[in-house]
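Read through the structure below, which is laid out as C-alpha cells, and then see the notes.
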Amino acid sequence: MKKTKRLAAALALLLLTGCGQADPDKPVSAQPISLSGNLTETLTPQAVQTHTPDDAFRDAHAQFALGLLLRTAAQSSGENLLISPYSVMQALGMTANGAAGDTRTCMEQTMGGLPVDRLNAYLSAWRQNQPNTAGCLLSTANSVWYRRDFSVKPEFLQQTADYYDAGAFLRDFSDPQTCTDVNQWIDNRTMHMIPKMLDSISPDTVMLLVNAVSFDAKWSGKYEKDSISARTFHAADGTEQTAQMMYSDEHGLLSDDGAVGFMRPYYGGRYYFAALLPDENSSVEDYLAGMTAERLRDVFRSADFSRKVEAGLPQFSCEYGTDLRKTLSDMGMALACTPAADFSAMTDSAEPVSISKVLHKARIEVNEAGTKAAASTVVVITKSAPAVSDAEPVRVILDRPFLFAIYDSEYGLPVFLGVLNSVTA
C-alpha cells in the first residue's frame with residue numbers, strides 16, 4: 001500500500017501541471033524576473049507567439065512524464081517518489097535552445113519529439129495561463145546563471161527571456177555567495193519548501209539553468225473533523241502504520257485495467273488530486289509495468305464524473321530528490337551529457353560544454369485543507385572533460401627522447417613544437 005502512496009504523490013504533481021489554456025495567437029511579453037542586488041543583466045523580452053497546449057503537446061508531455069516516472073520508480077523501489085515533469089521540461093526546454101545539431105535533436109526526442117521552437121510556444125502559453133488566486137496558485141519561475149568568463153550568445157539569453165521569462169545573472173561562480181544566492185532564489189519561489197538545491201558550484205561549471213514551481217490549493221470542499229479518523233496503512237515493506245484518513249464522497253471515478261481510483265477537485269475546479277489504487281494482490285510496480293503514455297492519458301481523460309466514489313485519502317507529506325542525468329540519458333539524451341555535445345547555440349566558447357547534472361527536488365503536503373507542492377530543477381552545464389575509457393591503461397614513460405608541443409585547440413594549430421633529446425643542458 002505504501003507503493004500506492006508513492007503513485008498518488010507522483011501523480012499529484014504530474015497532474016497539477018496538466019491543464020493550461022491560452023490564446024494561441026496572443027503575443028506574450030514576458031517580464032524579467034528581478035532579484036534585488038543580484039540581477040546583473042536585464043534583457044528586454046520581445047513579444048512572442050504562444051500556442052495553446054493541444055493533443056500533440058499532451059502526447060509529448062505524457063511520453064516524457066511517463067518515462068521519468070518509470071525510470072525513477074525503478075531506481076526508488078520501496079521508497080516514496082515525487083517528480084514534476086513540468087519543472088524538468090521547463091529547465092530542459094531552456095537548455096535545448098542552446099543546443100544544435102544532433103544534440104538538439106536528441107533533446108527534442110527525449111522531451112516527446114516536438115521541435116524546440118514549438119516546445120517554447122507551448123510552455124510559454126502554459127506558464128502564462130496559470131491560476132493565481134487565494135484558493136489555487138500555480139507559480140513558475142525560471143532563471144539563467146552564468147560564469148563571468150563564459151561567453152554566452154545574446155540570442156540564447158533572448159530566447160530564454162522571451163519564452164521562459166528567465167532572468168539572466170552574470171556571477172562569480174568561485175564566490176560561495178553565488179551558491180547561496182541560487183538556493184535563496186529557489187527557496188523564495190517554492191514557498192520555502194525547497195530551501196537548498198546546491199551544496200556547492202564546481203570549478204568547471206559555467207552555467208546553471210534553474211526552474212522553480214510552487215502549487216498551493218485548497219480543496220473545493222474542505223474535510224470536516226468528523227470525516228477524519230485514524231486507520232491502518234499497510235506499507236510496502238509489510239509494516240502497519242497509523243494514518244489520519246480523510247473520507248469524502250467524490251464524483252470522478254478512475255478505472256483502468258489493473259487499478260481503480262478517483263479525482264478530487266481543488267478550488268476553482270481546474271486542478272485535481274488524482275489517485276490510482278492497484279488491484280488487490282498487485283503492486284504499483286506491477287501496474288506500471290504495463291503502462292504506456294497513451295494509456296496514462298486515457299486513464300484521466302476517461303474519468304467518469306457521473307459515478308460516486310466513497311474515497312479515503314491519507315494525510316501525508318513526501319519529498320524526493322535526485323540527479324536525473326542518467327535517467328534522461330537512458331531516455332535518449334545521452335549525447336547532451338557527453339564531451340561530444342553541441343551547445344554552439346548557447347556559446348561560442350572554444351572549450352566544449354555539456355550537461356553534467358540535472359538536479360531535481362520535489363515536495364508535497366496533503367492535509368484536510370488542501371495541498372502544497374513545490375519542485376525545482378537545475379541543469380548544470382560544465383566544461384566537458386574527455387571521456388574516460390574503461391580499457392586497461394597504456395603505460396607511457398618518457399625516459400628517452402620525445403616530441404612535444406604547445407597546442408591551440410581553437411584553431412587546431414601547435415604554438416610550439418619540440419623534441420627533447422636530453423634533460424641536461
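Within region 318-383, all pairs of alpha-carbon atoms sorted by distance into 10 Å bins from zero give the percentages 20, 37, 23, 13, 6, 1. One decimal place: the segment Arg118-Thr338 gains 76.6 nm when fully extended, by the rule 0.36 nm per residue minus the C-alpha distance. A simple count of charges around Pro45, restricted to other residues whose Cβ falls under 9 Å of its Cβ and scoring Lys, Arg +1 and Asp, Glu -1, yields -2. In plain terms, if you count all Cα to Cα distances in region 35-189 and split them into 10 Å steps from zero, the share in each step is 9, 33, 36, 19, 2 percent. Please state, rounded to one decimal and in Å, the Kirkwood hydrodynamic radius that region 163-223 gives when every pair of distinct Cα atoms enters the mean of 1/r. Kirkwood hydrodynamic radius for region 163-223: 13.5 Å.
Only the coordinates and a few stated rules stand behind these numbers; no lab work does. Quick caveat, the model's predicted, so the values are computed rather than measured. Quick reminder, even Gly has a Cβ in these numbers, built from the backbone with ideal geometry, and neighbours come from all protein chains shown.
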